[in-house]
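Notes to accompany the following structure.
The values are calculated or read from the model by the stated rules, or taken from the named source; none is laboratory data. On a predicted model such as this, the values are computed, not experimentally measured, just so you know. Note that we place each Cβ from the backbone using ideal geometry, even for glycine, and neighbour counts take in every protein chain shown. The accessibility values were calculated without ligands, DNA or RNA, using every heavy atom of the protein model including side chains. Shrake-Rupley method; radii C 1.70, N 1.55, O 1.52, S 1.80 Å.
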Amino acid sequence: QVQLVESGGGFVQAGGSLRLSCAASASFFSWYTMAWYRQAPGKQRDLVAAITGRHSTNYTNSVKGRFTISRDNAKKMVILQMNSLKPEDTAVYYCNAKYRPTAAQYWGQGTQVTVSS
């Protein structure tokens, strides 16, 4: 069982920045693809950004150039740096870990990000 603990959410004005962190309890952390998802009220949970154990990344189009995902395999952490935030970025952000050999997935409890206009 993998535990994921997120931190760093909050309230910010449009144009501001926030940094989300996710600490994982997983063994063999580099074998996990780590990702951030977000879910706005009344909407489905969508992928924001993902990073493999070898640091290959992908982003949803709406955050490209504004958000950066990174990881520290030694510290078992993944970071989402969010810049130039927009009101439409408001959502609960969830950390996700997917174990590549089995595709087993784990979720954090979520952290609220609110961007005011």
For region 68-117, the count of residues that are open to solvent by less than 40 Å² (accessible area, probe 1.4 Å), among the hydroxyl-bearing types (Ser, Thr, Tyr) and under 13 Å from Glu6 (Cα atoms) equals 3
Would a scan of region 38-56 turn up a residue that is farther than 19 Å from Lys86 by Cα, among the hydroxyl-bearing types (Ser, Thr, Tyr), surrounded by 14 or more Cβ atoms within 10 Å (Cβ to Cβ) and more than 11 Å from the chain's Cα centre (by Cα)? yes
Pick from Ala35, Ala26: which is in a strand (DSSP E or B) and either small (Gly, Ala, Ser) or open to solvent by less than 50 Å² (accessible area, probe 1.4 Å) (or both)? Ala35
Scanning for something more than 12 Å from the chain's Cα centre (by Cα), surrounded by fewer than 13 Cβ atoms within 10 Å (Cβ to Cβ) and in a loop (DSSP other than H, G, I, E, B), does region 4-14 turn up at least one residue? no
Specify which of the listed residues (Ser84, Ser56) is out of contact with any Cys (no Cβ under 7 Å at 6 or more places or on another chain), on the phi > 0 side of the Ramachandran plot and polar (S, T, N, Q). Ser84
Note down all Cβ pairs under 7 Å where the first residue falls in region 59-72 and is assigned to a strand (DSSP E or B), the second is aromatic (Phe, Trp, Tyr) and open to solvent by less than 20 Å² (accessible area, probe 1.4 Å), and they're at least six residues apart or on different chains. Tyr59/Phe67; Ile69/Trp36
